[in-house]
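Single-structure report; data block below.
The values are calculated or read from the model by the stated rules, or taken from the named source; none is laboratory data. For clarity, every value in this text was computed on a predicted model and none was experimentally measured. We place every Cβ from the backbone using ideal geometry, glycine too, and count neighbours over all the protein chains shown. Just the protein is used for accessible areas: all its heavy atoms, side chains included, with ligands, DNA and RNA removed. Shrake-Rupley method; radii C 1.70, N 1.55, O 1.52, S 1.80 Å.
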Amino acid sequence: QVHLVESGGGLVQAGESLRLSCEASGRISSIYDMGWFRQAPGKEREFVAVVRWRDGVRHVRDSVKGRFTISRDNAENTVTLQMNSLKSEDTAIYYCAATASYMGYWPPTIYDYWGQGTQVTVSS
């Protein structure tokens, strides 16, 4: 029903910025939350940030607060993750994900739709 495509990943040095985008297509009206997870080598997939589609309410992982900002553009069916002051610890594959209803936002298991991921590598 909903197809998600990420873009914007790349290799940067610590302290630099990247902006990730996720474009949704299909049945956009099905989206309740839309956000980002990441998975670093050897680690589990973890929550990064999420925005509620209807009103823009945001939640961000503590470790990236003040550095990462999530926003959505309903007109373009797009969610953006602006990542500033990147650290080597931010290196991961970043996945866009969306839920069709509210069941929380932390666990990846509640998300109904997933993108293929985009690699973010931060060198120190």
Report the charge-dipole magnitude of the chain in Debye, nearest 20, computed about the Cα centre from +1 at each Lys and Arg Cβ and -1 at each Asp and Glu Cβ. 180
Relative contact order (percent) for the range 7-55, with alpha-carbon contacts under 8 angstrom and 6 or more residues of separation? 27
Considering only protein heavy atoms and a 1.4 Å probe, what is the carbon-and-sulfur percentage of the accessible area of the chain? 45
Whole-Hz Karplus ³J(HN,Hα) for the range 28-41, in order, using 6.51 cos²θ - 1.76 cosθ + 1.60 and θ = phi - 60°, x for Gly and Pro? 4, 4, 6, 6, 9, 10, 9, x, 10, 10, 9, 9, 8, x
Average accessible area per residue (Å²) across the chain - probe 1.4 Å, nucleic acids and ligands excluded: 51
Relative contact order for the chain: what percent, with Cα pairs under 8 Å and sequence separation of 6 or more? 35
Tell me, what is the percent relative contact order of the range 81-124, built from C-alpha pairs under 8 Å that lie six or more residues apart? 52
Between E89 and S25, how high is the FRET efficiency from 1/(1 + (r/R0)^6) when r is the Cβ-Cβ distance and R₀ = 35 Å? Nearest 0.05. 0.65
Quick one: work out Rg over Rh on the C-alpha atoms of the chain, Rh as Kirkwood radius. 0.94
Rounded if a/c under 1.5, otherwise prolate or oblate - the range 72-124, Cα gyration tensor axes: prolate
